[in-house]
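The values are calculated or read from the model by the stated rules, or taken from the named source; none is laboratory data. For clarity, every value in this text was computed on a predicted model and none was experimentally measured. Counting neighbours? That spans all protein chains shown, and the Cβs are built from the backbone with ideal geometry, glycine included. Ligands, DNA and RNA are excluded from the accessible area calculation, which covers all protein heavy atoms including side chains. Shrake-Rupley method; radii C 1.70, N 1.55, O 1.52, S 1.80 Å.
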Amino acid sequence: MWILLESFYYTRDKPPVPRTDGPRYKASIVVAIKNEDPEVVKGLVENLSRLDYPDYEVILVSDDSEQDFERLRQIELPEKFKLVRRDVPQGRKAGALNYGVSLSTGEILVFLDAEARVDPTILTRISAHLSQAEAMALRLRVRDPKNKLQVLYSEITEFSMDSLFRGRYLKGLPVFPNGSAFAIRSSTLKRIGGWREGMVAEDLEIGMRLFLNGVKVGYADDVVVETLAPYTWKDLFQQMKRWAYGSGQLFPYSLSLLRRGMSGIEGAIYANQWGIYPAYFVMLLIAGIVSPVFSSSLLSWVLSLTLFLISSLVFSWRSRTREYDLRIPALMISAFLTGYLLGLLNAKFSWKVTPKVEREQGLWIPLESNIISYLFLLSGILALKSYLVQGTILLAISLILLIIP
């Protein structure tokens, strides 16, 4: 049902664009940096130095070691830019953002990542949007996709923007911003208590908190922030696992959305989508394991698989992706399942920045995928004793999970 909802949300309709001849608020751009290539940060500085806006500042907050920070200090900074390092990097990325906000003087705050690249007029348009709303999610777009994986990621990103952001916004549903492209009035951020430190998905958390505090987050389809796609399957796997962990970590908090009616229920589903995607496969796995004790009709398997495949085909048709690779759903099953479960348990999590530079990829199979594959293998063997078709399906899933290079 969630997959079908995503397809239903998809729209080509454009939200209204405000006039840009209104007031222009002082803007502070805050960027958290950790383990970034100096060339990536240098590119960001050069890009933001060309902004066509009368009153803005850029605050770069580094959580790097002293040695890596010295490399960043070699970058020549324009007058409006400030590079600072936190001696005690507490609170993960949210802690760095709060520190940057504490140094800011702008009436509006814009949060970007180091690989972001923007149009010179972006602050003019953000200022226009924030004259009508308190917070805005901005449109992400992948720039310069090179290999097949990046093209796939770019197409998925475009569909996500048209469906989960633009579509949900036009239907009056709560918009939860992406921390890589987010703008908010400084007074609003202060009123809700800033970023919640220690969260892996700090952007999802602040989106839910804004909704619970009655702040409607808008969506600026005309304000584009260009970003980079992962270069390797390993990078994509780690990124998806991080998304899922953050969602699972916030599961108890997401339940508070349920008291806000149908939009809150939908918002809770959205917040837990990374746990929903693999849920069907978890049920298949459990059904196979318990098959020696509890009976399982062939009809229920065939009907559920048919519905799942139909919804997946509808999603594929609506998303208009030109590229396809079986490794994407295989990665999603293992990354989302393990990440979400670890988040639910609030297990120790090591933050790994997705590399922004091109590099070679050797043969690689994630350990998590192997473990889940062997669980499906065991489940299939158990089911085969009583149910030929069900056991065969589980064995096929086991083999699919092992094809990831």
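Quick notes on this structure:
- Scanning segment 164-210 for residues that are of a type in the set (S, T, N, Q) and modelled with pLDDT of 95 or more yields S186, S187, T188.
- Residue in segment 213-234 that is touching a helix residue (DSSP H, G or I) at 6+ places or on another chain (Cβ under 6 Å), buried (at least 21 other Cβ atoms within 10 Å of the Cβ), over 29 Å from I29 (Cβ atoms) and modelled with pLDDT under 95 present: no
Matching residues to (1) in contact (Cβ under 8 Å) with a residue 12 or more places away in the chain; (2) polar (S, T, N, Q):
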| site | (1), (2) |
| --- | --- |
| R191 | yes, no |
| F211 | yes, no |
| G214 | no, no |
| A220 | yes, no |
| E226 | yes, no |
| Q239 | yes, yes |
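- With respect to (1) outside any strand (DSSP E or B); (2) surrounded by fewer than 19 Cβ atoms within 10 Å (Cβ to Cβ), the lone exception for G100 is condition (2).
- Qualifying residue in segment 395-402 (condition: part of a loop (DSSP other than H, G, I, E, B), at pLDDT below 85 and more than 21 Å from the chain's Cα centre (by Cα)): yes
- Checking each residue in segment 111-160 for being in a helix (DSSP H, G or I), open to solvent by 30 Å² or more (accessible area, probe 1.4 Å) and either basic (K, R) or within 16 Å of R19 (Cβ to Cβ) (or both) picks out R125, K148.
- Among residues that are within 23 Å of the chain's Cα centre (by Cα), buried (at least 17 other Cβ atoms within 10 Å of the Cβ), among the acidic types (D, E) and over 20 Å from Y9 (Cβ atoms), E107 is not included.
- Search result, residues across segment 86-97 that are modelled with pLDDT of 95 or more and open to solvent by 50 Å² or more (accessible area, probe 1.4 Å): none
- For the residues E46, E57, E70, E6, the requirement of being modelled with pLDDT of 95 or more, open to solvent by less than 90 Å² (accessible area, probe 1.4 Å), assigned to a helix (DSSP H, G or I) and out of contact with any Cys (no Cβ under 7 Å at 6 or more places or on another chain) singles out E46.
- Scanning segment 172-185 turns up at least one residue that is more than 17 Å from the chain's Cα centre (by Cα) and in a loop (DSSP other than H, G, I, E, B).
- Filtering segment 9-43 to residues that are over 22 Å from I156 (Cβ atoms), of a type in the set (D, E) and surrounded by fewer than 18 Cβ atoms within 10 Å (Cβ to Cβ) leaves D21, D37, E39.
- Apart from one condition, E79 fits all of (1) under 15 Å from D55 (Cβ atoms); (2) in a helix (DSSP H, G or I); (3) not polar (S, T, N, Q); the exception is (2).
- Within segment 269-315, restricting attention to residues that are over 19 Å from L377 (Cβ atoms) and open to solvent by less than 30 Å² (accessible area, probe 1.4 Å), the residue that is farthest from the chain's Cα centre (by Cα) is S311.
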